[in-house]
Amino acid sequence: CAPATDASVWYELTAAADGAILVDVSASDYSAGVLVGTGNPGSFSLEACGPGAVVFSAVNGQTYTILAFDDQLDGGGNGGTLSITVDVAPPPPTVDVTVDPVGRFNKSGSATISGTVTCSGEVEFTFIDVQLTQRVGRFSVTGFGFVEGFVCDGTTQPWSVEVFGSNGLFKGGRAVAVTFAVACDALSCGEDFAETTVRLRR
């Protein structure tokens with residue numbers, strides 16, 4: 001999973017409980033990466049791999065092999081002073097999404113779905129994705145919409161997504177909205193999901 005594994009240093013960790021573990025080598029004085037695996041040399045199963053730091057899901061009593069290495073992303077491969085920490089991972093951002101029971105449609109046949117989102121935690125990116133399905137006559141019209149960038153400061157904020165049908169036009173009446181709200185930090189993501197019947201009105 002890495003461009004190079006020079007200056008390798010190997011560790012073993014036996015998990016004392018179930019949970020997410022963070023292995024961080026980002027404070028090293030060279031470009032370091034981490035690989036986590038289970039099994040035996042020559043037949044490892046990959047659990048996680050990446051530059052700087054990784055998070056993996058540990059199982060109580062399972063032994064994990066941790067490889068810290070120089071990935072040469074800084075142009076060299078001679079290693080240096082390794083700084084490694086292994087600890088319980090911080091929790092991912094928390095997300096809660098709601099969907100309004102009434103949506104809107106317009107003459108062009110697109111629909112606007114709205115609601116609120118509440119998010120807490122440090123994030124690098126956030127987005128809301130909506131899939132909308134409506135029975136129109138004998139056919140089902142399906143469309144998708146997407147919006148990025150809600151704030152993750154613990155406050156409740158409004159959101160709206162315009163959805164364009166991929167195989168027809170949305171009309172007035174009932175539709176089913178499947179909504180995902182996702183917020184990710186550098187290593188993990190939190191999400192919430194809602195499947196809601198909405199009524200589309202002009």
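Taking all protein chains as present, what is the carbon and sulfur share of the accessible area of the stretch 52-158, in % to the nearest whole number, probe 1.4 Å?
In the stretch 52-158, the share of accessible area belonging to carbon and sulfur is 52 percent.
In a shell of Cβ-Cβ distance under 10 Å around Phe146, excluding Phe146 itself, what net charge do Lys and Arg (+1) and Asp and Glu (-1) give?
With Lys, Arg at +1 and Asp, Glu at -1, the net is -3.
First obtain the Kirkwood hydrodynamic radius of the chain from its Cα pairs, then insert it into the Stokes-Einstein equation at 20 °C and 1.002 mPa s, and state the resulting D in µm² per second as a whole number.
The calculation lands on 108 µm²/s.
Convert each backbone phi in the stretch 29-39 into a coupling constant with the Karplus relation 6.51 cos²θ - 1.76 cosθ + 1.60 (shift: θ = phi - 60°), then list the ³J(HN,Hα) values in order as whole Hz, x for Gly and Pro.
Values, residue by residue: 8, 9, 6, 10, x, 9, 10, 10, x, 10, x Hz.
With a/c under 1.5 counting as rounded, go ahead and sort the stretch 1-100 into rounded, prolate or oblate using the C-alpha gyration tensor (a ≥ b ≥ c being the square roots of the eigenvalues; past the cut-off, prolate if a/b is larger than b/c, else oblate).
oblate
Just to confirm my numbers, what's the Cα centroid distance between the stretch 163-197 and the stretch 9-36 in Å?
After rounding, the separation between the Cα centres reads 35 Å.
Mind listing P(r) for the stretch 136-201? All alpha-carbon pairs, 5 Å bins, whole percents.
Final binned percentages: 3, 12, 22, 23, 15, 11, 8, 4, 1, 0.
Report ³J(HN,Hα) in whole Hz for each residue of the stretch 77-88, in order, from the Karplus equation J = 6.51 cos²θ - 1.76 cosθ + 1.60 where θ = phi - 60°; Gly and Pro get x.
For the stretch 77-88, the Karplus-derived couplings read x, 9, x, x, 8, 7, 10, 10, 10, 10, 8, 4 Hz, x marking Gly and Pro.
Hey, if you drop one equal point scatterer on each alpha-carbon of the stretch 50-138 and run the Debye formula without solvent, what base-10 log of I(q)/I(0) do you get at q = 0.20, 0.23, 0.24 Å⁻¹?
Per q value, in the given order, log10 I(q)/I(0) is -1.13, -1.27, -1.30.
Where the centre of each part is set by its Cα atoms, how far does the stretch 100-120 sit from the stretch 64-90, in angstrom?
45 Å
Would you kindly derive the ³J(HN,Hα) couplings of the stretch 160-168 from the backbone phi angles with the Karplus curve 6.51 cos²θ - 1.76 cosθ + 1.60 (θ = phi - 60°), listing them in order in whole Hz, with x for Gly and Pro?
Calculated HN-Hα couplings, in order: 8, 9, 8, 10, 10, x, 8, 9, x Hz.
Give me the accessible area per residue for the chain, probe 1.4 Å, as a whole number in Å².
54 Å²
The values are calculated or read from the model by the stated rules, or taken from the named source; none is laboratory data. Source: prediction; values computed, not measured. Please note: Cβ atoms are built from the backbone with ideal geometry, for glycine as well, and neighbour counts cover all protein chains shown. Surface areas here come from the heavy atoms of the whole protein model, side chains and all, with no ligands, DNA or RNA. Shrake-Rupley method; radii C 1.70, N 1.55, O 1.52, S 1.80 Å.
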